[in-house]
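Note sheet for the following structure.
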Amino acid sequence: MHISEGVLSMPILAAGVAVAAAGVAVGMKKMGGDSIPKVAVLSSAFFVASLVHVPIGPTSVHLVLNGLLGILLGWSAFPAILVALFLQAMLFQFGGWTTLGINTVNMALPAVLCFYFFHGAAEGGTNRTAALAGFGAGFLSVALSGLFVAVTLALSEGAFLDAAKVIFLAHLPVMVIEGIVTSVCILFLRRVKREILTAS
């Protein structure tokens, strides 16, 4: 779901930088010193998961894990995702420098929304409600990210509308897989280290 250089219009790029900067500022303010290792580990997980691309038609898909980051980090998902995307752009030329802001927003804003929707059930509910919350977070985060990418492309240039639809539809199977992976991770963490579910 990385948007490359030279695709988006300047107003979209500027709006992405502004929203990403605001999100990172809030995330840094909420991030306590003792939560930095957790943020770093989850940023690394996001970095690695996003590297494995599976081609589907004219696009490619990959695991994102932003739903998991959202549940575990809350607003701190913004700086975690920004760092991972920065390293991907620097090391592998995924995305780009001018699109770093909008790519961060498209990945991190769904993560924060999933925190508000699902964190309570994942942390304090029964195992069944936690599993459902994990699935919902994984599914919805990818769905929202795909939708945000599609809307970003469509708003920037009308000719990208068909490509935007393809990108969203290609991620439908990923939404289900991501939901299952996030659900399993939440149940595992509840069993072995439940305190990690307390958001930053």
Summing -39500 (n - 2.57) over every DSSP H run of at least 4 residues in the chain and dividing by its residue count gives a helix-only mean residue ellipticity at 222 nm, to the nearest 500 deg cm²/dmol, of -24500 deg cm²/dmol
In order over segment 28-40: 3J(HN,Hα) from phi, Karplus 6.51/-1.76/1.60, θ = phi - 60°, whole Hz, x for each Gly or Pro, gives 5, 5, 7, 7, x, x, 6, 9, 4, x, 5, 4, 5
Segment 1-157, convex hull of Cα, quarter of hull surface, nm² -> 9.2 nm²
Taking N as the residue count of segment 67-116, its alpha carbon Rg divided by 2.2 N^0.38 Å gives 1.11
The lysines whose Cα lies under 20 Å from the Cα of residue 30, excluding any fewer than 8 residues away in the same chain, are 38
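Computed from the coordinates by the stated procedures, all read-outs in this text should not be read as laboratory data. What you see is a predicted model, and the numbers here were worked out from it, not measured in a lab.
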